[in-house]
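The structure appears below as structure tokens.
The values are calculated or read from the model by the stated rules, or taken from the named source; none is laboratory data. All values derive from a computational prediction rather than experimental measurement. In this analysis, Cβ positions are derived from the backbone assuming ideal geometry, glycine residues included, and neighbour counts consider all displayed protein chains.
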Amino acid sequence: MPCCGDTGKVPGFYGNLKRDFLYAKPKDKNIFKNSNYKKLRKDLLTGNVPDFCKSCRIVEEDDINIKDFQQRVRQHLHLNNKAIDATKLSDDDLLTNFSIKEVLLSINNKCNLRCVYCPQSIPKKREGSEYDLFSTIDFYKAELSEGEFFEILELLVPFGLEIINFVGIAELTVYKHWKSLAKKLKSRYPHLRLCVVTNFSLPYSEEDISSFMMFDLVNISIDTLDKNILEKVRVGANLDTILKNIQNLIKSKGNASKPTISFNVTEYDLMIEHLPDLGRFAAQNGIHINFSNLFTAKGTVADKTQCLKSIVQMSDTVMPKVWETINSLPRRMKAENPKIDIHHLGPMYDIIRERAEKISPNYFVPSVEEETLTAVHNKFAQGSKIYLRDIYVRFDQSYRGVYMPRNKNLCISEQDCKTIIITPILVEERDDQNLNINVCESLKCNIEDRLRLDTCHIKQPFTHVLFDIKDTAFQKNLPSLEQISLKNFKPLSDGQFIRENLLPQQIDRLIDKVAKKYKEVFLWGAGARSEFLLKVPATSKLNIAGIIDTDSKRWGQIFHGIEVISPDQAENAEAIVICNVISPEKIERSIKSSNLYGVSTYIV
Ligand SMILES: C[S@@+](CC[C@H](N)C(=O)[O-])C[C@H]1O[C@@H](n2cnc3c(N)ncnc32)[C@H](O)[C@@H]1O
Ligand code: SF4
């Protein structure tokens, strides 16, 4: 679909949807025969796109070279049409074959808000130059009729369309007929997944809210819960109205599985310190988060006034704190609600991490009250194997202290005698990048001169110790401690599983590793998490011999092309990938105590 293809009088980068396609001569009335569409596809497949497209914030992944990209398109075409032999497709074939899974479509170009970073904030003129479509009145007046919309859809559906995503530089719910459109869509194409990105800031009636129930995914754009900042940036929005709508949507959804509710969060300097409040609210209300980086579009208020800074433009001084916030948020949200997914669009996450790690390897910056941790936090330089780390067990509850691998020691020196409560946490860094932890009993003691932390005595499978250190009111009569050896500490519990938030590229790497190590693997759980894993590109490299499920009613069924089997049928398994978000550790324990005890397990 010609991206940014205006439907008014002016052309977009790749033409004008209405003029070049809908109103073209009948024989050309097929978007795939349209020369602009063909040019777009060729340009995308050769990397020869306008600079504007190269910096498009919707581009989700790190740079990929053109050869790899073409290879991925070949694989995609083959997956969607097994009759196509991917190895035999020439570069020209890539232009003529297409299979379309998802379309991002905007039926109107109007919006009730004027967010400072959005082209909607560009002053409108009568005439625009060729590529200046976002400043022309025509652009914002343009909209498709319901008939035109369905005409386009009828062409797309035969290509395997599964998802229709209403997003553009517009607000769908400003379109007069959005509710009847959604209703017709659902009745004509019940198999289509309907998604919408909305500012959710109109005062919706009960009927409006129940119309959102027809959607599979409602992405609500909200960058912060700080009223001042939100209303300053998302001009025309009212935080109270948005929150009331959210409450009504959650109420109307009740226990139903649809729609999935997600926040679309644009990250910039002003909102960072308030991010934990938004994350807490989302986790507690079962709302996912998609982050994207601020893109300074030309001519917008944000561009002209420079009122917002992208996070990557923030100074080195604040980078460790920014990294702490961004890095801890997904872990905090998962600890509060394991069903939540947190997703970052674009490579910004890696850029921030690299910058922060150049300054310090620490996961967090200790607060002024944390005197003991503050005393050591400057000790660790880039690449140090010892650093400050936190492990979250709830959104607002964490162990935080000095993280050390096996066979290391560290001296903490104190000028004054200080009372601390020290809790060692034994940590196993798992192959799947999640953690198993065992918390030991705490000790209240004084450090008089120095305290030596020592990790010589930790035993397999533990790989690290986190010494959680809390300063407390000074008490004279406590024993003074000079050395901590783990011989003195007993684990308190059977252990706890801590899920890390794996980024898509980390999941890819994990699957790659498993695929290289085992000739065949089994998945555990014929549910949503397996469905998710089966969609990860790297999963095509796994030879999946079956999906194990304990529900006997599922045995023999086919789940996404793979047979569901009983645990007994997997007796020769070498590796099992446990696909479960609620309690994967319980499944792992049951596997290890069954006749499959020797199998390697991975949790995704
Ligand atoms: C253009 S809006 C359209 C849908 C709807 N009006 C809304 O705001 O949700 C789609 C998404 O893009 C985000 N967005 C707009 N301009 C942006 C920019 N310059 N940089 C990053 N995100 C931006 C919005 O916050 C929103 O989540
Ligand atoms: S609500 Fe969406 S389309 Fe409207 S101005 Fe804001 S970002 Fe742009």
Collect the residues in the stretch 340-367 that are assigned to a loop (DSSP other than H, G, I, E, B) and closer than 20 Å to Ser398 by Cβ, keeping them in residue-number order.
Ile340, Ser360, Pro361, Asn362, Tyr363, Phe364, Val365, Pro366, Ser367
Members of the stretch 126-151 found to be of a type in the set (A, V, I, L, M, F, W, C), modelled with pLDDT under 85 and not in a loop (DSSP other than H, G, I, E, B), listed by number:
Leu133, Phe134, Ile137, Phe139
Scan Cys195, Cys115 and give me the residue that is surrounded by 21 or more Cβ atoms within 10 Å (Cβ to Cβ), within 16 Å of ligand 2 (Cβ to nearest atom) and modelled with pLDDT of 95 or more.
Cys115
Pairing a residue in the stretch 91-116 that is over 12 Å from Glu171 (Cα atoms) with any residue that is within 16 Å of ligand 2 (Cβ to nearest atom) and not in a loop (DSSP other than H, G, I, E, B), where Cβ atoms lie under 6 Å and the two sit 6 or more apart in sequence or on different chains, gives Leu104/Asn165; Val116/Val233; Val116/Val301; Val116/Ala302
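Could you please let me know if Phe522 is buried (at least 16 other Cβ atoms within 10 Å of the Cβ), over 28 Å from Val427 (Cα atoms) and out of contact with any Leu (no Cβ under 8 Å at 6 or more places or on another chain)? If you could, list the steps in order and put the result at the bottom.
Values: buried (at least 16 other Cβ atoms within 10 Å of the Cβ): yes; over 28 Å from Val427 (Cα atoms): no; out of contact with any Leu (no Cβ under 8 Å at 6 or more places or on another chain): yes.
So Phe522 fails the test.
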Give the residues of the stretch 142-154 that are within 16 Å of ligand 2 (Cβ to nearest atom) and out of contact with any Gly (no Cβ under 6 Å at 6 or more places or on another chain), sorted by residue number.
Glu143
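Quick check, is Tyr189 within 16 Å of ligand 2 (Cβ to nearest atom), assigned by TED's automatic domain parsing to the domain that holds Leu249 and at pLDDT 95 or above? Break it down stepwise before answering.
On the way: within 16 Å of ligand 2 (Cβ to nearest atom): no; assigned by TED's automatic domain parsing to the domain that holds Leu249: yes; at pLDDT 95 or above: yes.
So Tyr189 fails the test.
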Would you check if there is a residue in the stretch 479-499 being surrounded by 14 or more Cβ atoms within 10 Å (Cβ to Cβ), among the hydrophobic types (A, V, I, L, M, F, W, C) and in contact with a helix residue (DSSP H, G or I) (Cβ under 7 Å, 6 or more places away or on another chain)?
yes
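Among the residues in the stretch 328-335, are any touching a Gly at 6+ places or on another chain (Cβ under 7 Å), buried (at least 17 other Cβ atoms within 10 Å of the Cβ) and either free of Cβ contacts under 8 Å to residues at least 60 places away in the same chain or not in a helix (DSSP H, G or I) (or both)?
So in the stretch 328-335, the residues touching a Gly at 6+ places or on another chain (Cβ under 7 Å) come out as 329, 332-333.
If we keep only those that are buried (at least 17 other Cβ atoms within 10 Å of the Cβ) too, we end up with 329, 332-333.
Add one more test, that the residue is either free of Cβ contacts under 8 Å to residues at least 60 places away in the same chain or not in a helix (DSSP H, G or I) (or both), and what stays is 329.
Taking every residue of the stretch 328-335 in turn, at least one turns out to be touching a Gly at 6+ places or on another chain (Cβ under 7 Å), buried (at least 17 other Cβ atoms within 10 Å of the Cβ) and either free of Cβ contacts under 8 Å to residues at least 60 places away in the same chain or not in a helix (DSSP H, G or I) (or both).
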Which ones in the stretch 117-126 are within 9 Å of ligand 1 (Cβ to nearest atom) and without any contact (Cβ under 8 Å) to a residue 60 or more places away in the chain?
Gln120
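Filter the stretch 158-186 for residues that are at pLDDT 90 or above and among the aliphatic types (A, V, I, L, M) and give the result. Before you say what the answer is, go through the steps one by one.
Within the stretch 158-186, the subset at pLDDT 90 or above is 161-167, 170-186.
The answer is Leu161, Ile163, Ile164, Val167, Ala170, Leu172, Val174, Leu181, Ala182, Leu185.
Within the stretch 188-239, restricting attention to residues that are of a type in the set (Ser, Thr, Tyr) and within 11 Å of ligand 1 (Cβ to nearest atom), which residue is nearest to the chain's Cα centre (by Cα)?
Quick first cut of the stretch 188-239, residues of a type in the set (Ser, Thr, Tyr) only: 189, 198, 201, 204-205, 210-211, 221, 224.
Among the residues that remain, those that are also within 11 Å of ligand 1 (Cβ to nearest atom) are: 198, 201, 221.
On the way: Thr198: 18, Ser201: 24, Ser221: 15 Å.
Among those residues, the one meeting the criterion is Ser221.
If I go through the stretch 583-597 residue by residue, how many of them are out of contact with any helix residue (DSSP H, G or I) (no Cβ under 9 Å at 6 or more places or on another chain) and either within 14 Å of Arg499 (Cβ to Cβ) or in a loop (DSSP other than H, G, I, E, B) (or both)? Show your work before the answer.
Initially, the stretch 583-597 is screened for residues out of contact with any helix residue (DSSP H, G or I) (no Cβ under 9 Å at 6 or more places or on another chain), giving 583, 585-589, 592-593.
Retained after the next criterion (residues that are either within 14 Å of Arg499 (Cβ to Cβ) or in a loop (DSSP other than H, G, I, E, B) (or both)): 583, 585-588, 593.
Within the stretch 583-597, residues that are out of contact with any helix residue (DSSP H, G or I) (no Cβ under 9 Å at 6 or more places or on another chain) and either within 14 Å of Arg499 (Cβ to Cβ) or in a loop (DSSP other than H, G, I, E, B) (or both) number 6.
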Among the residues that make up the stretch 234-252, is at least one of them surrounded by 20 or more Cβ atoms within 10 Å (Cβ to Cβ) and touching a Cys at 6+ places or on another chain (Cβ under 7 Å)?
yes
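Of these, Leu161, Leu156, Leu185, which one is touching a residue at least 40 places away in the same chain (Cβ under 8 Å) and in a helix (DSSP H, G or I)? Talk me through it step by step, then tell me what you get.
Values: Leu161 fails: in a helix (DSSP H, G or I); Leu185 fails: touching a residue at least 40 places away in the same chain (Cβ under 8 Å).
The match here is Leu156.
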Considering the stretch 131-187, residues that are within 16 Å of ligand 1 (Cβ to nearest atom) and of a type in the set (Ser, Thr, Tyr), and then whichever is nearest to Ile242 (Cα to Cα), we arrive at Thr173
What are the pairs, 6+ residues apart or on separate chains, where a residue within the stretch 55-75 that is under 15 Å from Met348 (Cα atoms) and surrounded by 13 or more Cβ atoms within 10 Å (Cβ to Cβ) has its Cβ under 9 Å from a residue that is modelled with pLDDT under 65 and not β-branched (Val, Ile, Thr)?
Cys56/Cys3; Cys56/Cys4
Within the stretch 451-466, restricting to residues that are surrounded by fewer than 23 Cβ atoms within 10 Å (Cβ to Cβ) and in contact with a strand residue (DSSP E or B) (Cβ under 7 Å, 6 or more places away or on another chain), the one that is farthest from Leu426 (Cα to Cα) is Arg452
I'm told Ile220 meets every condition in (1) part of a helix (DSSP H, G or I); (2) among the hydrophobic types (A, V, I, L, M, F, W, C); (3) within 16 Å of ligand 2 (Cβ to nearest atom) except one. Can you identify the failing condition by its number?
(1)
Residues in the stretch 304-327 that are within 16 Å of ligand 1 (Cβ to nearest atom) and either over 22 Å from Cys115 (Cβ atoms) or free of Cβ contacts under 8 Å to residues at least 24 places away in the same chain (or both): how many?
2
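Does the stretch 76-86 hold any residues that are without any contact (Cβ under 8 Å) to a residue 12 or more places away in the chain and in a helix (DSSP H, G or I), and which are they?
Initially, the stretch 76-86 is screened for residues without any contact (Cβ under 8 Å) to a residue 12 or more places away in the chain, giving 78, 82-83, 85.
His78 - this is the single residue of the stretch 76-86 that is without any contact (Cβ under 8 Å) to a residue 12 or more places away in the chain and in a helix (DSSP H, G or I).
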Of the numbered conditions (1) within 13 Å of ligand 2 (Cβ to nearest atom); (2) more than 25 Å from Met213 (Cα to Cα); (3) assigned to a loop (DSSP other than H, G, I, E, B), Pro123 fails exactly one; give the number of that condition.
(1)
Could you say which residue among Val167, Val174, Val157 is within 16 Å of ligand 2 (Cβ to nearest atom), under 28 Å from Gln70 (Cβ atoms) and buried (at least 16 other Cβ atoms within 10 Å of the Cβ)?
Val167
For Ile289, are the conditions met, namely being β-branched (Val, Ile, Thr) and over 22 Å from Val116 (Cβ atoms)?
no
